[in-house]
Amino acid sequence: MLIGCPKEIKPQEFRTGLTPRAAAEAIAHGHSVIVEAGTGVGAGFPDEDYRAAGAQVVDTATEVFDRAELIVKVKEPQAGERAMLREGQVLFTYLHLAPDRAQTADLLQSGVTAIAYETVTDAAGRLPLLAPMSEVAGKLAPQTGAWTLQKANGGRGVLLGGVPGVGPAQVVVIGGGVVGTQGARVAAGMGADVTVLDTSLPRLRQLDDLFRSEFRTGYASAARTGEMVAEADMVIGAVLVPGAAAPKVVSKDMLATMKPGAALVDVAIDQGGCFETSRATTHQDPVYEEDGIMHYCVANMPGAVPRSSTLALGNATLPFLLALADKGWRQACEDDPHLLDGLNTHAGHLTCYPVGRAQEIDVLSPHLALKL
């Protein structure tokens with residue numbers, strides 16, 4: 001199979017969907033690889049590394065999309081990229097379709113077979129291709145929140161860890177999954193007073209058993225969430241419903257109860273955001289103020305550390321990439337129901353139920369899509 005990797009074009013996105021090591025592995029399996037010139041430079045992989053691995057480096061993304069049978073990326077295809085997709089081609093990347101009607105419509109019109117990293121599952125019901133970037137984003141969230149809290153950036157001017165005689169910042173993390181756990185650990189390590197809220201009692205018990213000395217836990221009822229948000233210097237939104245739009249757990253009305261200059265960090269922004277007042281921002285212009293509250297809502301947070309992010313993502317995606325190339329997408333998905341969970345579109349049909357519910361679009365069963 002001919003595998004192609006174009007250079008990412010989303011603003012300030014420096015990751016790449018294919019490392020030279022992954023390219024070499026695919027070539028060792030008998031496949032061919034083409035990459036757009038400069039695709040790995042932002043992550044520290046020059047074109048020479050790809051050539052040394054046996055890949056062909058081409059000048060334009062157009063050539064990659066025209067020739068490749070399997071397109072591997074990091075971020076969702078932008079409008080110009082979607083126009084180059086075609087039926088019979090396989091796209092393997094993050095999609096985050098639920099809040100993105102324009103992208104959904106374009107993928108359906110193209111007929112491409114699109115497999116989304118964020119909806120691939122494992123035997124335990126986890127999301128193995130989302131987890132590495134969730135870990136990165138979770139660890140970045142307190143760092144970016146601490147920067148947002150600085151007065152020069154519009155924040156309260158509060159030091160996360162405090163100093164002797166001055167208490168630490170109050171940090172509330174909403175969501176006890178991968179993002180929330182990593183965010184809480186880093187914030188606590190920076191000296192903040194941290195509370196993690198979640199609606200799953202088993203998860204709260206697990207967090208309490210593992211991290212009792214590092215941070216507190218609480219049940220995320222609407223009333224308790226409102227109380228904690230009002231007291232917080234920083235709120236990290238780490239709520240995820242796999243494949244679906246993120247629920248709004250902090251309302252606009254709650255902002256009026258918050259301390260002026262407090263920081264909201266919405267890690268769920270890729271799925272539409274979990275704060276009612278969130279809108280996507282970029283690394284170039286990451287923060288905006290609304291009702292006196294500073295919002296950090298960068299939609300590709302792991303892109304800030306592209307070397308670490310690319311290596312972590314590549315480690316997770318490589319086995320699935322090889323399965324798709326070695327077997328073809330149908331056989332790979334038939335053999336692995338967890339990979340089949342990643343199927344979002346095929347031949348003009350939507351095949352992901354959470355996206356269908358979010359956008360009120362009819363969904364074709366993924367199992368039926370295998371027969372088309």
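Fully extending the segment from residue 224 to residue 41, taken as 0.36 nm per residue of separation minus the present Cα-Cα distance, adds 61.3 nm.
The charge dipole of the chain, taken about its Cα centre with unit charges on the Cβ atoms of Lys, Arg (+1), Asp and Glu (-1) only, comes to about 500 debye. The trypsin sites (Lys or Arg not before Pro) of region 132-231 that DSSP puts in a loop, and whose beta carbon has at most 16 other beta carbons within 10 Å, are 212. Quick check: the angle from helix 101-110's long axis to the longest principal axis of the chain, C-alpha only, nearest 10 degrees? The helix 101-110 is inclined about 10 degrees to the chain. Loop-resident GluC sites (Glu not before Pro) (DSSP state other than H, G, I, E or B) in region 1-89 with no more than 13 further Cβ atoms inside 10 Å of their Cβ: 87.
The angle between the Cα long axis of helix 201-211 and the main principal axis of the chain comes to about 80°, on a 0 to 90 degree scale. Taking 37 °C and 0.692 mPa s as conditions, region 1-123 diffuses translationally at an estimated 225 µm²/s according to Stokes-Einstein applied to its Kirkwood radius (Cα pairs).
Take every DSSP beta bridge whose two residues both sit in the chain; close to 20 percent of them are antiparallel. GNM on the chain, alpha-carbon springs under 10 angstrom: the most fluctuating residue among 33, 41, 112 is 41.
Shown is the FRET efficiency for residue 368 and residue 335, computed with R0 = 22 Å from the Cβ-Cβ distance and rounded to the nearest 0.05: 0.80. What the Cβ-Cβ distance of residue 63 and residue 124 gives, at R0 = 41 Å and to the nearest 0.05, is a FRET efficiency of 0.50. With both residues required to sit in region 131-304, DSSP beta bridges show an antiparallel share near 20%. Here the sum of -39500 (n - 2.57) over DSSP H runs of 4 or more residues, divided by the residues of the chain, equals -10500 deg cm²/dmol at 222 nm, to the nearest 500.
Only Cα sites of the chain enter the Debye sum here, all with the same form factor; the resulting log10 I(q)/I(0) across q = 0.06, 0.07, 0.09, 0.13 1/Å is -0.23, -0.32, -0.52, -1.02, listed in q order. Is the C-alpha gyration tensor of region 131-304 telling us rounded, prolate or oblate? Criteria: a/c under 1.5 is rounded; beyond that, a/b larger than b/c is prolate, otherwise oblate. Rounded is the answer for region 131-304, as its axis ratio a/c remains below 1.5. Using a Förster distance of 41 Å, how high is the FRET efficiency between residue 253 and residue 318, based on the Cβ-Cβ distance and rounded to 0.05? E between residue 253 and residue 318, to the nearest 0.05, is 0.35. When +1 charges are put on Lys and Arg Cβ atoms and -1 charges on Asp and Glu Cβ atoms, the dipole computed for region 131-304 relative to its Cα centre reaches about 220 debye.
Bear in mind that the values in this text are calculations on the coordinates, not laboratory data. Please read these numbers as outputs of a predicted model, since none were measured by experiment. When we count neighbours, we look across all protein chains shown, and the Cβ atoms used for this are built from the backbone with ideal geometry, even at glycine.
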